[in-house]
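Laboratory data are not the source of any read-out in this text; all were calculated from the coordinates shown. The shown structure was predicted, so the numbers you read here are calculated from the model rather than taken from an experiment. Cβ placement follows ideal geometry from the backbone for every residue including glycine, while neighbour counts extend to all protein chains displayed.
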Amino acid sequence: MEIELRKLYDTVTAIHEEMFYLREREEEMQQLNKETNSKMATLGLFSLLLCLSVAGLQIWHLKTFFERKKLL
């Protein structure tokens, strides 16, 4: 009887430790997810600013080109 109780206690202890490990891993994954979202937002904003600056440069270039050709 004592051996069976000891086996059950060891099983419960292992399950308890596994639960703590899984909770810790979940917290790590949530932190990684937050960091990834932050990086993606930063890169998305950078990409938008880069596209807008290239569009502005293209408009400026076309304006000066057409002014030199006397079309505007």
Within segment 1-14, how many residues are surrounded by 10 or more Cβ atoms within 10 Å (Cβ to Cβ) and not charged (D, E, K, R)? 6
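Matching residues to (1) β-branched (V, I, T); (2) outside any helix (DSSP H, G or I); (3) more than 15 Å from the chain's Cα centre (by Cα):
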{"site": "T11", "(1), (2), (3)": "yes, no, yes"}
{"site": "E28", "(1), (2), (3)": "no, no, no"}
{"site": "T42", "(1), (2), (3)": "yes, no, no"}
{"site": "L49", "(1), (2), (3)": "no, no, yes"}
{"site": "L62", "(1), (2), (3)": "no, no, yes"}
